[in-house]
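Down below is the structure, laid out as structure tokens.
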Amino acid sequence: MRRKIEIKNHLLFIIFLGCAGCTLFQPTSDRTHLFEIGFRNHPSVILSKQALHIHLALNHFPEYLNCPFIITKIGPHELKSNPLYRWATPLSESILHMVRHSIQQSFPNAWVYEFPNDTIRAANFIIRLDIDTFEVDETSHQIVLAGLWALLDEKQELLYRSPFTFCEPFKNEENRYSEITAKIEQIILRLGDAVTQKMVPFLPKDDDKPKS
């Protein structure tokens, strides 16, 4: 009788392990949300040999922001990263892509390179971006982008320099990360527009563009 009970207990234990194994090894759904900003496909442009060559460089970018997680500010001196909410492309690369797109749209007869990744020749102009602050503040529900940008000539002599600060509010809702992504896009586009507007007086006219 005792042996029958032991055999029964062993069978129950094996069944339990089998059920537990099924549960443990079942594929779990990936709850990670990936967010993407910017433009990935640049229209092909046929340029003349006299086209301007502009280098765009991200000279400074806060290191803690260049990670896959979306970083938000939750206190005066406290930041939070959420592993479930990530950038599909590094934020620094997205900034360069979007500003480059704005410049290319404003000056279609110009080569715009993201320095140093795709530089192929000397530049007629250099644009340097220094990002000092890029905060997604959960306490004030506001996104702040602040820093400095500079325009240099081919000899790397300073032509123009200007600080910038752009702000965009966002709602404190459950799906706020989608809105935050859209607002960040708007802010970077505002930076691109500001850069291109100030560049116009320094660019040569059509009849005196540099020869290649």
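Here, each number is a calculation from the coordinates, and none is a lab measurement. Quick caveat, the model's predicted, so the values are computed rather than measured. With ideal geometry, Cβ positions are generated from the backbone for all residues, glycine too; neighbour counts draw on all protein chains shown.
Of Val112, Pro83, Ser102, which is farthest along the charge dipole of segment 52-115 in the positive direction, counting Lys and Arg as +1 and Asp and Glu as -1 at C-beta? Most positive-ward Cα: Pro83.
Once backbone amide H atoms are built at 1.01 Å from N, His33 has Tyr85, Arg86 as its partners under 5 Å, excluding neighbours fewer than 5 places away on the same chain.
Across segment 172-183, coupling constants 3J(HN,Hα) worked out from phi with the 6.51/-1.76/1.60 Karplus curve, θ = phi - 60°, read 8, 10, 4, 9, 5, 5, 5, 5, 4, 4, 5, 5 Hz, and Gly and Pro carry x.
State the dimensionless ratio Rg/Rh of segment 33-208 (Rg: radius of gyration of Cα atoms; Rh: Kirkwood radius). Numbers along the way, then the final one.
Working: Rg = 17.2 Å, Rh = 17.2 Å.
Result for segment 33-208 is an Rg/Rh of 1.00.
Of the three principal axes defined by the Cα atoms of segment 81-166, the extents in descending order read 44, 27, 21 Å. Note: relative contact order over segment 33-208, using C-alpha pairs below 8 Å and six or more positions apart, is 24 percent. Remark: Trp111, Trp87 ranked as Trp111, Trp87, counting other beta-carbon atoms within 10 Å and listing the fewest first.
Cβ crowding within 10 Å ranks Lys198, Lys183 as Lys198, Lys183, fewest other Cβ atoms first. Taking other C-beta atoms within 10 angstrom as a stand-in for reagent exposure, Val144, Val195 fall in the order Val144, Val195, fewest first.
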